Structure formats: structure tokens, C-alpha cells
Amino acid sequence: MTPEEAFFTLHSGLEREGPGDAESLAWALGVARVPRAGRVLDAGCGPGADVEGLLAAVPEGQVVALDLHRPYIDELAARLGVDARLRAVPGDMLTPEGTFDFIWCAGAIYNAGIGAALDAWRRHLKQGGRVAFSEIGWRIDNPSPDLRDYWRTACPAMTDRDGILAQVAAAGWRVLADRWLPHAAWSAYYEPLAARIEALRTGAVPSLVSALDQAEQEVGLWRRHGESYGYLQVVAEPAA
Ligand SMILES: C[S@@+](CC[C@H](N)C(=O)[O-])C[C@H]1O[C@@H](n2cnc3c(N)ncnc32)[C@H](O)[C@@H]1O
């Protein structure tokens, strides 16, 4: 099993692939005020945990769910079946087809970087359209060394709230609201992941053991130091 196969063995079958929940989606939708007939993009949708909530937010509209990893799209299509209002397709979230009233990006913007993603999405937003994304960041100035070392490797560009908001402003966007994701949103991701790590331990081959160890370290750091960092949720629109 290659390291990539080990990663996806661990991560397949999970409802979501990053911190988030119905409440965090509702918070962003409340700020963004998406029209009932709106067209929405779930950028980097993963297994699609937020897709049903997005469909409910635009009862007369359409949701496009995009992810580079085709098995997530296949899982999502199998789970939700045929729905004329949903288009779930493999693809790059920076080059979706058409324009949107709302672009939702839960935990996936780091792949492109905030500036590059906002630059790309500007031309895919309708007049009055808004983007909501979440990005990991430090909440304290002096994190413990084990925590700092872990995230320095896993996410070298990790900054703090001011650093995230400065990137939004530098891209020429205005922040409508921001907040740290509540603890429950982290639990919604990490508790099922911890259970899956436990379930896969027995008989795991070395590459899988290494993926399990790394994920276990990440969950353990969150349990010990979860107040030191967080996911900043940001709702923004082009400033001009
Ligand atoms: C941390 S996961 C979050 C998934 C999902 N939003 C969630 O909250 O469960 C990040 C996702 O972004 C996807 N991704 C990374 N780069 C991408 C890109 N350029 N276009 C589309 N999806 C991308 C990955 O395949 C992965 O599913």
C-alpha cells in the first residue's frame, strides 16, 4: 500500500474531511444571504457533508459540488442519488463552470492559497455574490513546541487571524464577518476520525500504520492544545 493509498484508506467512509457542521454552514449562510434561487459552488466538497445543507439553502436554486478526488464525488453521487438541482463533478475548484451567488469552501482553500483562490473566484461570482471559507490559524502567540512543530510541517504557511484577514484585504476583498469555528465543529471531524484510526489498527500494514500514527498525533494535539489554534471562518465579497 502506497502512502497515498494508506491516506485514502484512513479517510474513506468519513462523513467529512475537515472541521465543520450544520451550525457553521448556517452561520455563513446567515451572513451571506444567498437568494432562494441562487447558484452555489461547494469548492473542494470532499465527501459532501455540506451539500444537503447548501441544497436546502437554495430551494429553487442549484448546487455544484467540485472536488479533485473522484472517489469523493462518486460517494456523494451514490449517497444523494439523482437530483436535478445538484451537479457533483470531479474538477479543480479554481476553474468551475459559470458564475455563482455563493462559493462555500470548507477547509480546502489552503490547497490554492487565499489570494490565488479569491483571484480565481472573482470572475466566477455573480453581482452581489459572496464567498465563505475556513482556514486554519493560530489563536495564541506562543504555542507549545510540539504543536508548533507539527503544524509547521503540516501547514508551513499557517498564520493567525490578522494574517488571514490581511490576505483577504490584499486580494481586494472586503470581510463581512469572521469567527473561529466552535469546538463542536472540530469534534464532528475528529471524533469519527479517531474511531476509524482505532478500527484500522489491527493488522495494519506499515504504510497504513504510519498514516494512522500521524492522524492520531494530530487528534491528540487537538485534544491537548485545541484552544491554541482554530479554523477561522470568513465571509467576504469583492471590495470593488
Ligand atoms: C480538508 S478536505 C475538506 C473537504 C470538505 N470541504 C469537508 O469539509 O469535508 C479538502 C478537500 O479539497 C480537495 N481539493 C484540494 N485541492 C482542490 C482543488 N484544486 N480543486 C478541488 N478540490 C480540491 C481535496 O481533494 C479534499 O477533498
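The values are calculated or read from the model by the stated rules, or taken from the named source; none is laboratory data. None of these values were measured; they are calculated from a predicted model. Ideal geometry is used to build each Cβ from the backbone, glycine not excepted, and the neighbour counts take in all protein chains shown. The protein model used for the area step is the full one, side chains on, heavy atoms only, and it has no ligands, DNA or RNA in it. Shrake-Rupley method; radii C 1.70, N 1.55, O 1.52, S 1.80 Å.
Run Arg174 past the list (1) touching a residue at least 40 places away in the same chain (Cβ under 8 Å); (2) within 18 Å of the chain's Cα centre (by Cα); (3) under 17 Å from Ile114 (Cα atoms) and report the number of the one that doesn't hold.
Just one mismatch for Arg174, condition (2).
So, in region 185-206, of the ones that are at pLDDT 95 or above and of a type in the set (Ser, Thr, Tyr), which residue ends up least open to solvent (accessible area, probe 1.4 Å)?
Filtering first and then ranking leaves Tyr190.
Give just the number: which of (1) in contact (Cβ under 8 Å) with a residue 12 or more places away in the chain; (2) part of a helix (DSSP H, G or I) does Tyr231 not satisfy?
(2)
Identify, please: which residue in region 39-61 is out of contact with any helix residue (DSSP H, G or I) (no Cβ under 8 Å at 6 or more places or on another chain) and in a helix (DSSP H, G or I) and is, among those, nearest to the ligand (Cβ to nearest atom)?
Going through the qualifying residues, I end up with Leu55.
Checking the structure you have, find out if any residue of region 158-169 is open to solvent by less than 60 Å² (accessible area, probe 1.4 Å) and in contact with a helix residue (DSSP H, G or I) (Cβ under 6 Å, 6 or more places away or on another chain).
Looking for residues that are open to solvent by less than 60 Å² (accessible area, probe 1.4 Å) and in contact with a helix residue (DSSP H, G or I) (Cβ under 6 Å, 6 or more places away or on another chain), one finds at least one in region 158-169, hence yes.
Filter region 142-171 for residues that are farther than 17 Å from Val235 by Cα and either without any contact (Cβ under 8 Å) to a residue 12 or more places away in the chain or of a type in the set (Phe, Trp, Tyr) (or both) and give the result.
Those that are farther than 17 Å from Val235 by Cα and either without any contact (Cβ under 8 Å) to a residue 12 or more places away in the chain or of a type in the set (Phe, Trp, Tyr) (or both): Asn142, Pro145, Arg148, Asp149, Tyr150, Trp151, Arg152, Thr153, Pro156.
For the list (1) away from the ligand (no atom under 14 Å from the Cβ); (2) surrounded by 15 or more Cβ atoms within 10 Å (Cβ to Cβ), I need the number of the one condition that Val64 fails.
The one condition Val64 does not meet is (1).
Taking Ala117, is it within 11 Å of the ligand (Cβ to nearest atom) and under 14 Å from the mean Cα position of the chain (by Cα)?
yes
Could you tell me whether region 68-82 includes any residue that is closer than 25 Å to Asp119 by Cα, hydroxyl-bearing (Ser, Thr, Tyr), within 10 Å of the ligand (Cβ to nearest atom) and open to solvent by 10 Å² or more (accessible area, probe 1.4 Å)?
The answer is no; no qualifying residue exists.
If the Cβ limit is 6 Å and pairs must be 6+ apart or interchain, which residue in region 80-98 that is assigned to a strand (DSSP E or B) pairs with which residue that is away from the ligand (no atom under 12 Å from the Cβ) and open to solvent by less than 40 Å² (accessible area, probe 1.4 Å)?
Close Cβ pairs (under 6 Å, with a partner that is away from the ligand (no atom under 12 Å from the Cβ) and open to solvent by less than 40 Å² (accessible area, probe 1.4 Å)) amount to Leu86/Val63.
Right, Pro182: open to solvent by 10 Å² or more (accessible area, probe 1.4 Å), touching a residue at least 60 places away in the same chain (Cβ under 8 Å) and under 15 Å from the mean Cα position of the chain (by Cα) or not?
When the stated conditions are applied, Pro182 passes them.
Taking Ser24, is it in contact with a Pro (Cβ under 8 Å, 6 or more places away or on another chain), open to solvent by less than 10 Å² (accessible area, probe 1.4 Å) and either near the ligand (Cβ under 8 Å from one of its atoms) or of a type in the set (Ser, Thr, Tyr) (or both)?
Yes.
Residue by residue, here is whether (1) under 27 Å from Ala26 (Cα atoms); (2) among the charged types (D, E, K, R); (3) part of a loop (DSSP other than H, G, I, E, B) holds:
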{"position": "Asp149", "(1), (2), (3)": "no, yes, no"}
{"position": "Asp162", "(1), (2), (3)": "yes, yes, no"}
{"position": "Leu176", "(1), (2), (3)": "yes, no, no"}
{"position": "Ser187", "(1), (2), (3)": "yes, no, no"}
{"position": "Thr202", "(1), (2), (3)": "no, no, yes"}
{"position": "Ser210", "(1), (2), (3)": "no, no, no"}
{"position": "Gln214", "(1), (2), (3)": "no, no, no"}
{"position": "Arg224", "(1), (2), (3)": "no, yes, no"}
{"position": "Glu227", "(1), (2), (3)": "yes, yes, yes"}
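Is it fair to say Arg36 is within 12 Å of the ligand (Cβ to nearest atom), basic (Lys, Arg) and open to solvent by 70 Å² or more (accessible area, probe 1.4 Å)?
So Arg36 fails the test.
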